[in-house]
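Notes follow the structure.
The values are calculated or read from the model by the stated rules, or taken from the named source; none is laboratory data. From a predicted model like this one, the values you see are computed outputs, not experimental measurements. We place every Cβ from the backbone using ideal geometry, glycine too, and count neighbours over all the protein chains shown. Remember, those area values only see protein heavy atoms, side chains included, never the ligands or the DNA or RNA. Shrake-Rupley method; radii C 1.70, N 1.55, O 1.52, S 1.80 Å.
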Amino acid sequence: VASKRQGTKVWTPTFKGGFVNLLKPKAIPGTDGEPQYSMLMLFDTDSDLTKLKEAAVEAAKDKWGDNASKIRKNPKFKDPFKNQADMVDKNGDLYSGMVDGAICVQAQCKQSFGQPQVVDTDQKDLIDARDIYSGAYYRATINAYAWDHSVGGKGVSFGLSNVQKLADGEKLGGGRSNIEDDFEPIETSGGEDDEPAWDDAA
């Protein structure tokens, strides 16, 4: 799926979802900010992100005008495009599904903006957590916007609008196993007093 752009609005190429949180907004730990819906978009190394980067530049120009280029070159500027190899936990271990050299982009929206609509390839709403998970493949509509906070500095981020799930994938970050992986059928003679003959060593 190719990307396209309309102003600072972008239709992304296909990506793998990480830290998918689209059904219930969550507050950022350690802050009193408004809860948000969010997902980390994990792009392949060969993904064409030209339209996303163009939208980010345009958002910066809309915010800071002729100073946008200088501001974006500041080492403290918060750029939305991150190397997946930098996505590590508190122990310095790479999060599941991250690929060195590939780009990831966070997209989010506040609870007050409303829940992003999530649909399948037939444009039918998906509302079951079993269908919307980290590791599946998606595309999304996102909006680039620049911000300037007295505490957080300056940066560009992407607001999350709508999401389409394109295909299932291997789940990231563990989670509940499939029932078929945990148990096998047990044969009994059909009597009410029969006890399951499972292997105690399992």
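All but one of (1) of a type outside the set (Phe, Trp, Tyr); (2) more than 28 Å from Thr14 (Cα to Cα); (3) touching a Cys at 6+ places or on another chain (Cβ under 9 Å) hold for Pro75; state the number of the condition that does not hold.
With respect to (1) of a type outside the set (Phe, Trp, Tyr); (2) more than 28 Å from Thr14 (Cα to Cα); (3) touching a Cys at 6+ places or on another chain (Cβ under 9 Å), Pro75 is out only on (3).
So, Val20, is that one assigned to a strand (DSSP E or B) and either in contact (Cβ under 8 Å) with a residue 40 or more places away in the chain or open to solvent by 30 Å² or more (accessible area, probe 1.4 Å) (or both) or not?
Values: assigned to a strand (DSSP E or B): yes; either in contact (Cβ under 8 Å) with a residue 40 or more places away in the chain or open to solvent by 30 Å² or more (accessible area, probe 1.4 Å) (or both): yes.
Against the criterion (assigned to a strand (DSSP E or B) and either in contact (Cβ under 8 Å) with a residue 40 or more places away in the chain or open to solvent by 30 Å² or more (accessible area, probe 1.4 Å) (or both)), Val20 qualifies.
Of all residues in segment 40-69, count the ones that are of a type in the set (A, V, I, L, M, F, W, C) and within 16 Å of the chain's Cα centre (by Cα).
Matching residues across segment 40-69 total 6.
Within the group Val88, Val57, Val119, Val105, which residue is among the β-branched types (Val, Ile, Thr) and out of contact with any Lys or Arg (no Cβ under 9 Å at 6 or more places or on another chain)?
Working: Val57 fails: out of contact with any Lys or Arg (no Cβ under 9 Å at 6 or more places or on another chain); Val119 fails: out of contact with any Lys or Arg (no Cβ under 9 Å at 6 or more places or on another chain); Val105 fails: out of contact with any Lys or Arg (no Cβ under 9 Å at 6 or more places or on another chain).
Going through Val88, Val57, Val119, Val105 in turn, just one is among the β-branched types (Val, Ile, Thr) and out of contact with any Lys or Arg (no Cβ under 9 Å at 6 or more places or on another chain): Val88.
Does Phe77 satisfy the criteria of being more than 16 Å from the chain's Cα centre (by Cα), aromatic (Phe, Trp, Tyr) and open to solvent by 60 Å² or more (accessible area, probe 1.4 Å)? Spell out how you get there, then give the answer.
Working: more than 16 Å from the chain's Cα centre (by Cα): yes; aromatic (Phe, Trp, Tyr): yes; open to solvent by 60 Å² or more (accessible area, probe 1.4 Å): no.
In short, no.
Look through Pro35, Pro13, Pro25 and report the one residue that is open to solvent by less than 50 Å² (accessible area, probe 1.4 Å) and more than 24 Å from Asp168 (Cα to Cα). Give the derivation first.
Numbers: Pro13 fails: more than 24 Å from Asp168 (Cα to Cα); Pro25 fails: more than 24 Å from Asp168 (Cα to Cα).
After ruling out the rest, the residue left standing is Pro35.
Within segment 167-202, restricting attention to residues that are open to solvent by 50 Å² or more (accessible area, probe 1.4 Å) and modelled with pLDDT of 70 or more, which residue is nearest to Lys73 (Cα to Cα)?
At the first step, the residues of segment 167-202 found to be open to solvent by 50 Å² or more (accessible area, probe 1.4 Å) are 168, 170-171, 173-190, 192-202.
Filter once more, so that each one left must be modelled with pLDDT of 70 or more: 168, 170-171, 173, 184-186.
Working: Asp168: 38, Glu170: 37, Lys171: 37, Gly173: 34, Glu184: 58, Pro185: 61, Ile186: 64 Å.
Per the criteria, the residue is Gly173.
Just to be sure I understand, how many residues within segment 112-126 are surrounded by fewer than 13 Cβ atoms within 10 Å (Cβ to Cβ), closer than 20 Å to Gln36 by Cβ and modelled with pLDDT of 95 or more?
Matching residues across segment 112-126 total 0.
Can you confirm whether Thr45 is open to solvent by 50 Å² or more (accessible area, probe 1.4 Å) and closer than 19 Å to Gly17 by Cβ? Reasoning before the result, please.
Working: open to solvent by 50 Å² or more (accessible area, probe 1.4 Å): yes; closer than 19 Å to Gly17 by Cβ: yes.
Yes, satisfied.
Pull up segment 80-100, narrow it to residues that are modelled with pLDDT under 95 and in a strand (DSSP E or B), then point me to the one that is surrounded by the fewest Cβ atoms within 10 Å (Cβ to Cβ).
Looking at residues that are modelled with pLDDT under 95 and in a strand (DSSP E or B), I get Val88.
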